[in-house]
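Novice: Below you will find the structure I want to go over with you.
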Amino acid sequence: MMTDSPPTSWVYPDPSLAPWPGFALAADAAVQHLDAALGLDLWLVTAVEGDQQVVVAASGNWAQLASPGTVFSWQDSLCLRMIDRQGPTSAADVRVVPAYAQAATGVLSRVRAYVGVPLVGEDGRLFGTLCAFAGDAQPDALGDSMDLVRLVGRMLSTILAREQFARERSLEVVSAHALAGEDSLTGLRNRRGWLAALEQEHDRVQRYGSTASVLSLQVHGLGGPDEEDLLARSAQVLASVSRPGDALGRVGGDEFGLLAVHCDATSAQALLGRLCHELSQAGLGAATGVATHLEGEELVETWHRAEAERQDQLARLRGSLAPER
């Protein structure tokens, strides 16, 4: 006789079988399992962001060389050549694969064996790679392990695709309420919409270990009959320098914010330079501040650091213009 099925509130008592709460933790478990099962010196899950390959999870003897958040050149990587099918997914000796041998220089000069498979998200778009490296050439039997590597890679891609699908559906809900978060004068996000954008991007940064920076600016000379025109021109300049995926907001009367995704400190300074140049070309000036997200920091805190830098710059400017007594 069959027993009744468990109630919907029933919780299985073994926490080791519970779902991972996010992709990054699943990736960490995956590389640890592959390291224990197959060896090699370094197992990685990486995300590709522009021309950078960012480490999401690492395990193995060389793990200290590639902790989560470490950035490598995507153009110089073995993984790019694997993705472009210039080399196989398994190379027991990279020296016998011309594309891999050519790339095995600099930080990769100690690599003698390589394994890699792509990780894809929604619609088959490349997210990054699951890959491994060894300092010694491996037996030809290394290729026999690829069934397991492909299986783990496909499982990670499935988790990733489901997370991206859920995030896109969430963004659709946000879009349905866009008017509540939009500044009617500039068409940018208002403060409410800006805070929502920071929260959404913080979730992505936490999940995938990517980088983000925030620019804060207060435009000079606003006031009088031309205030609306100058605000609109400021918004146009911001839109002209922003990149796909960036978020813009009018967060106060004459205060704006730019959330730059996949943007480290060096890139943020370059972006700030372009912004100041374009403002000058439009006959505008601004006090500015910039901050790059730090590990363990809420992205709204990053914005507040950028605001503090902007306020310090404005105070210095006002001090230099004050008449001497």
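Novice: Which members of region 169-195 meet the condition of being at pLDDT below 80, surrounded by 12 or more Cβ atoms within 10 Å (Cβ to Cβ) and more than 22 Å from S240 (Cα to Cα)?
Specialist: S170, V174, H177
Novice: Output the residues belonging to region 84-127 that are buried (at least 18 other Cβ atoms within 10 Å of the Cβ) and over 17 Å from L40 (Cβ atoms).
Specialist: Across region 84-127, the qualifying residues are A99, A103, P118, L119, V120, G121, F127.
Novice: While we're looking at this one, here's another question. Are any residues in region 244-289 buried (at least 18 other Cβ atoms within 10 Å of the Cβ) and among the basic types (K, R), and if so, which ones?
Specialist: R250
Novice: Counting just the residues of region 212-242 that are touching a helix residue (DSSP H, G or I) at 6+ places or on another chain (Cβ under 8 Å) and surrounded by fewer than 21 Cβ atoms within 10 Å (Cβ to Cβ), which one comes out nearest to G283 (Cα to Cα)? Give the steps one after another, and end with the answer.
Specialist: The initial filter retains those residues of region 212-242 that are touching a helix residue (DSSP H, G or I) at 6+ places or on another chain (Cβ under 8 Å), namely 212-219, 221-222, 234, 237-238, 240-241.
Within this subset, residues satisfying the condition of being surrounded by fewer than 21 Cβ atoms within 10 Å (Cβ to Cβ) are 221-222, 240-241.
Details: G221: 10, L222: 12, S240: 15, V241: 16 Å.
So, considering only residues that are touching a helix residue (DSSP H, G or I) at 6+ places or on another chain (Cβ under 8 Å) and surrounded by fewer than 21 Cβ atoms within 10 Å (Cβ to Cβ), the one nearest to G283 (Cα to Cα) is G221.
Yes/no matrix, rows are residues, columns are (1) outside any helix (DSSP H, G or I); (2) among the polar types (S, T, N, Q); (3) closer than 20 Å to G69 by Cβ:
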{"residue": "T266", "(1), (2), (3)": "no, yes, yes"}
{"residue": "G273", "(1), (2), (3)": "no, no, no"}
{"residue": "H277", "(1), (2), (3)": "no, no, no"}
{"residue": "V290", "(1), (2), (3)": "yes, no, yes"}
{"residue": "E295", "(1), (2), (3)": "yes, no, yes"}
{"residue": "R305", "(1), (2), (3)": "no, no, yes"}
{"residue": "E309", "(1), (2), (3)": "no, no, no"}
{"residue": "R316", "(1), (2), (3)": "no, no, no"}
{"residue": "G319", "(1), (2), (3)": "no, no, no"}
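Novice: Taking P139 as the residue in question, decide whether it is out of contact with any Lys or Arg (no Cβ under 7 Å at 6 or more places or on another chain) and at pLDDT 95 or above. Show your work before the answer.
Specialist: Numbers: out of contact with any Lys or Arg (no Cβ under 7 Å at 6 or more places or on another chain): yes; at pLDDT 95 or above: no.
So P139 does not fit the description; no.
Novice: For residues in region 121-132 being closer than 20 Å to D51 by Cα and out of contact with any Phe, Trp or Tyr (no Cβ under 6 Å at 6 or more places or on another chain), which is modelled with the lowest pLDDT?
Specialist: Once the filter is applied, the top-ranked residue is G124.
The values are calculated or read from the model by the stated rules, or taken from the named source; none is laboratory data. What you see is a predicted model; the values in this text were computed from it and never measured. Heads up, the Cβs are rebuilt from the backbone with ideal geometry, glycines too, and the neighbour counts pull from every protein chain shown.
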